[in-house]
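Note sheet for the following structure.
The values are calculated or read from the model by the stated rules, or taken from the named source; none is laboratory data. Just so you know, these numbers come straight off a predicted model, no measurement behind them. When we count neighbours, we look across all protein chains shown, and the Cβ atoms used for this are built from the backbone with ideal geometry, even at glycine.
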Amino acid sequence: MSFLKPKTHIEKGDVVILYLSVSSMHAIEAVPEIVNKKGETIPHIFQTNYGSLKVENIIGVEYGSKVELSKGWAHVLQPTPELWTQTLPHRTQIIYTPDISMIIHQLEVRPGSVVVESGTGSGSLSHYFLRALKPTGHLHTFDFHEARADQARDEFRRHGIADFVTVYHRDVCNLGFGAELDGKADAVFLDLPAPDLAVPHAFKALKLSGGRFCSFSPCIEQSQRCIQELTKLGFNEIVSLEVLQQENVVKTRTLPVIDLEFLKLPKTDETTTATNALESKTPKEVKKYLTSSNPQTLPGHTGFLTFATLPPNIPKA
Amino acid sequence: MATEEDIPRIQLGDYIVIQRQKYTKLQKFSSLDTTANLGKETLELKSLLDQPYGSTFKMCVKETKPGKRGAQRQHTLELCSETELRSTREVLGISSSGADNRDIQDDGEAQTLKPEDIAQLREECNDSSKIIEKLVENSKTFHNRTEYSQEKYLLKKEKKYFEFVQIRQPTIRLMLDIFYRQDSEKVMGIRVDTLSQIISYSGVCGFGSYLLYESGTNGLLPAAMLNSIGAGTEGTLVHMHPGNVPQKQALSALKLPLEQQQRCVSVNLYSVLREFYQGGEAKATDVPVVEPSANKPQETQPETPTEEQPEAIEPITKKPKLDESKSDREGAKGPPRWHLENKRATALMHAEFDSLVVAAKEHPSNILQALLPLVKPSRPVVVFSTCKELLQETFMELKTTGKVTGLHLTSNWLRTYQILPNRTHPEVNMSGNSGYLLTGYTLR
């Protein structure tokens, strides 16, 4: 229930982020007991690299606290869509925060917005849409994979945000978003292998007063076909772009200062030369620098984002 | 089903976005006599009143005055239907084109019309397609150009003679585009991808209490946060700023409902912190004095960074006053407005915040030191700076205190694409500086 609004203490049933380090985080459900593969009810013990956690012990604890593991410690954080995206169980490829932020901004989603999304996938983007549009808006999300749709529906319920979302199991390219959504949406988002097939349905779903459209495609050919379809239907302000986020790794570096000046002076006698040579090999002086650099490998491509506006009063018949 | 009734109409006092092809401009429609300048064109806005937002208007030449740089044309605006807007190529019915540019010489004599002829043409006809038609007729080389090159020529001419403007309602997206294009300094260099991520990482939404310190984005950052908090929700925003008067242009332009506007409490950073730590010892002056002890150089205080500023804060300050008129009548000597805002802000500060956003021209270090204790544990912190070095230092400081975890220092790369059949490539120019974000989560 921990996705609805900011809260201070862990309650039974919350999803909690167990934060061990920048590269190690887990989303766990705060329930004292779980059912194992054999169908037996057993205490919920979660294993980490720093030992085990008896999950019962974190219920009632304040978010942001340090909790003991059998061989170390970790912090418990309230999940945000950003943390969830990094820890969620992948059922499909997912879209990450930099692209998602741009999608929310460009689609102008705010409380009260009605958004149509296809496909639901692992629900990474859906959580951001829901944060942005609740408590007065609604998300209609579609997936052609029945089990995925069911899993997503169940997840939204357990996360306490089911009131603001309807999950549909439907192939929107062939069947559209349904007549009940005609003229209802402020924004439509497509992440489909053939977005051009769904563009006419998006056109129908958008309000007569106009709206915003976005399609995410890893390949440029998909964007091309999508844009042709958008142009045909009277969409304007068509923009395609790519966003990549770069991490700057901050490190303090300690560098030796090499003295080369003494080489300009003639050798005085053998003993001092010996000490000089010794000194130059083990310089007394070191300097500390605060530096940052990009990691060796970075994400080089996620997808092309195509945005468009449906102007007001375009006849839909 | 949405009807035309759902589309808001243009009212006096509104900020409007005037769009002519790709050019957009934010303009206040203060009175019926208001005019807007788009380059050499002056537009009389009178006829916009009560028309629905999103409408397209035709610019009709009323008179031409000699100006400093060529003739300045005054236009009236006439509402027109979408069908009047057709592609120039379609209107002109151009069919023949060349295969390549081997027969085209740049001798400056391709166009037989003289500049004077064109100027006269412009005054005579209102229709850009007629002007372009004449230009094409009198061009010796047009029909030898390739189809692509013809298109480019037409687009260029269309841009120059395009006689339609669209009036749109300001949104965060449109305003950021305008501000950033005009002068990125207006929004402290916060680029679109960066703003979108500030909103994400801060977690700002319809629930919770949020704290923002910004030193001058023409109101765009508080407007973006308040926009995400939404109308008819329970979220609140305390907006701290270093000047005597907050910059509020973007906030006013959004035309948010009064209840939503009032959930943004704008206070001076120094004066509210003094109030918070020392209680009601504020001086009985009518102006929140910036504390001299705060060694804050005067020139960095963005009190009137744009000409529009004094006018910009008007609507916001006026409306609450009307609302308070009752209490004014009862006791005319009530405490000044800024003092009431300080009181409201300190109450929210004591209750602690669900997120902290800092976008400072100053070094963020001391600001964070002062504001971090006001944030609950397990809450996001987002710090923006155009300068990486400042955030590197802040990163280390926060890491050392152990009060913030999950620290990341990030920047962005953003590229736009031209996507056309057989002519797809990245745009020739791209922005090189997104600014930097330092993000993390508070600990208990």
Just checking, how many residues over the stretch B:215-235 are over 14 Å from the mean Cα position of the chain (by Cα) and either at pLDDT below 95 or in a loop (DSSP other than H, G, I, E, B) (or both)?
7
By residue number, the members of the stretch A:104-150 that are buried (at least 24 other Cβ atoms within 10 Å of the Cβ), assigned to a helix (DSSP H, G or I) and charged (D, E, K, R) are A:Arg131
Being in contact with a strand residue (DSSP E or B) (Cβ under 8 Å, 6 or more places away or on another chain), hydroxyl-bearing (Ser, Thr, Tyr) and modelled with pLDDT of 95 or more narrows B:Thr405, B:Thr386 down to just B:Thr405
What is the residue count in the stretch A:161-177 for residues that are crowded, with 17+ Cβ neighbours inside 10 Å and either not assigned by TED's automatic domain parsing to the domain that holds A:Ala205 or not in a strand (DSSP E or B) (or both)?
7
Quick one: which of B:Pro222, B:Pro242, B:Pro170 is over 30 Å from B:Leu48 (Cα atoms), touching a residue at least 40 places away in the same chain (Cβ under 8 Å) and more than 10 Å from chain A (Cβ to nearest Cβ)?
B:Pro242
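Scan the stretch A:118-135 residue by residue and report those that are at the interface with chain B (Cβ under 8 Å from one of its Cβ atoms) and hydroxyl-bearing (Ser, Thr, Tyr). Before you say what the answer is, go through the steps one by one.
Keep residues of the stretch A:118-135 that are at the interface with chain B (Cβ under 8 Å from one of its Cβ atoms), which gives A:128, A:131-132, A:134-135.
Of everything in the stretch A:118-135, just one residue is at the interface with chain B (Cβ under 8 Å from one of its Cβ atoms) and hydroxyl-bearing (Ser, Thr, Tyr), namely A:Tyr128.
Has the stretch B:422-444 got at least one residue that is over 24 Å from B:Leu226 (Cα atoms) and either surrounded by 22 or more Cβ atoms within 10 Å (Cβ to Cβ) or away from every other protein chain (no Cβ under 14 Å) (or both)?
Yes; the residues of the stretch B:422-444 include at least one that is over 24 Å from B:Leu226 (Cα atoms) and either surrounded by 22 or more Cβ atoms within 10 Å (Cβ to Cβ) or away from every other protein chain (no Cβ under 14 Å) (or both).
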For residues that are part of a strand (DSSP E or B) and among the small types (Gly, Ala, Ser), scanning just the stretch B:46-72, find the one that is modelled with the highest pLDDT.
B:Ala71
Hey, among the residues in the stretch B:376-403 that are assigned to a strand (DSSP E or B) and more than 10 Å from chain A (Cβ to nearest Cβ), which one's farthest from the chain's Cα centre (by Cα)?
B:Val381
May I ask you to list pairs of residues, at least six apart or on different chains, whose Cβ atoms are under 7 Å apart, with the first in the stretch A:232-250 being more than 30 Å from A:Leu197 (Cα to Cα) and the second being modelled with pLDDT under 95 and in a loop (DSSP other than H, G, I, E, B)?
A:Gln246/A:Asn294; A:Gln246/A:Leu298; A:Glu247/A:Asn294; A:Glu247/A:Pro295; A:Asn248/A:Asn294; A:Val249/A:Pro295
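Every residue, every condition in (1) over 26 Å from B:Leu437 (Cα atoms); (2) part of a strand (DSSP E or B); (3) within 13 Å of chain B (Cβ to nearest Cβ), yes or no:
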site: A:Phe216; (1), (2), (3): no, yes, no
site: A:Glu221; (1), (2), (3): yes, no, yes
site: A:Gln224; (1), (2), (3): yes, no, yes
site: A:Thr231; (1), (2), (3): yes, no, yes
site: A:Ile238; (1), (2), (3): yes, yes, yes
site: A:Glu242; (1), (2), (3): no, yes, yes
site: A:Val250; (1), (2), (3): no, yes, yes
site: A:Asp259; (1), (2), (3): yes, no, no
site: A:Phe262; (1), (2), (3): yes, no, no
Just wondering, is there one or more residues in the stretch A:52-61 that are within 14 Å of another protein chain (Cβ to nearest Cβ), touching a Leu at 6+ places or on another chain (Cβ under 8 Å) and either not in a strand (DSSP E or B) or not aromatic (Phe, Trp, Tyr) (or both)?
no
As an exercise: evaluate A:Gly13 against (1) within 17 Å of the chain's Cα centre (by Cα); (2) in a loop (DSSP other than H, G, I, E, B); (3) touching a residue at least 60 places away in the same chain (Cβ under 8 Å); (4) more than 14 Å from chain B (Cβ to nearest Cβ) and give the number of the one condition it does not meet.
(1)
